[in-house]
Amino acid sequence: PDGYAHAPIYLGASGKVYDVSFGGVQFYGPGGGYARFAGKDASRALAKMSFDPKDTEDPDTSDLSEKEKKVLSDWIKTFEERKMYPCVGRLEL
């Protein structure tokens, strides 16, 4: 699309969809350290700081500990305030 240096890369977390291609291609694009989170609801994996497929493929956050909920909240704050990734949609929970 016009204005993109790279095809959009979307990542879902905490009910929102972020376009992480704005400055995040090296992390979330092919070969990036967080590429396994792209295109899915990564809430559980982010909260648990996990690359385990059972966490990256499962968006359920109902059993997270308070510490894990705080970690997820910190990720969202990073996406929105530090990285300023645009929120481009909402996830149905």
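The values are calculated or read from the model by the stated rules, or taken from the named source; none is laboratory data. Bear in mind the structure is a predicted one, so any value in this text is a computation, not a measurement. No Cβ is skipped: glycine too gets one built from the backbone with ideal geometry, and neighbour counts run over all protein chains shown. In case anyone asks, the SASA skips ligands and DNA or RNA and just uses the protein heavy atoms, side chains included. Shrake-Rupley method; radii C 1.70, N 1.55, O 1.52, S 1.80 Å.
Considering every residue within the range 69-89, establish whether at least one is touching a Lys or Arg at 6+ places or on another chain (Cβ under 9 Å) and more than 24 Å from Gln26 (Cα to Cα). Within the range 69-89, none of the residues are touching a Lys or Arg at 6+ places or on another chain (Cβ under 9 Å) and more than 24 Å from Gln26 (Cα to Cα). Looking only at the range 7-31, residues that are part of a loop (DSSP other than H, G, I, E, B) and either modelled with pLDDT under 95 or hydrophobic (A, V, I, L, M, F, W, C) (or both) come to 7 in all.
Note on the range 49-72: residues that are farther than 17 Å from Val17 by Cβ, open to solvent by less than 100 Å² (accessible area, probe 1.4 Å) and outside any loop (DSSP other than H, G, I, E, B) total 5.
Please work out which residue is nearest to Met84 (Cα to Cα), limiting yourself to the range 29-61 and to residues that are out of contact with any strand residue (DSSP E or B) (no Cβ under 6 Å at 6 or more places or on another chain) and of a type in the set (Phe, Trp, Tyr). Step by step, filter the range 29-61, then rank; the result is Tyr34.
Which residues, counting only those in the range 62-93, are among the β-branched types (Val, Ile, Thr) and touching a strand residue (DSSP E or B) at 6+ places or on another chain (Cβ under 9 Å)? Matches in the range 62-93: Ile76, Val88. Scanning the range 29-47 for residues that are in contact with a helix residue (DSSP H, G or I) (Cβ under 8 Å, 6 or more places away or on another chain) and either among the hydroxyl-bearing types (Ser, Thr, Tyr) or crowded, with 19+ Cβ neighbours inside 10 Å (or both) gives Tyr34, Phe37, Ala38, Ala42, Ser43, Arg44, Ala45, Leu46, Ala47.
At pLDDT below 95 and either assigned to a helix (DSSP H, G or I) or of a type outside the set (D, E, K, R) (or both), is that true of Tyr4? I'd like the intermediate steps shown before the answer.
Numbers: at pLDDT below 95: yes; either assigned to a helix (DSSP H, G or I) or of a type outside the set (D, E, K, R) (or both): yes.
So Tyr4 fits the description; yes.
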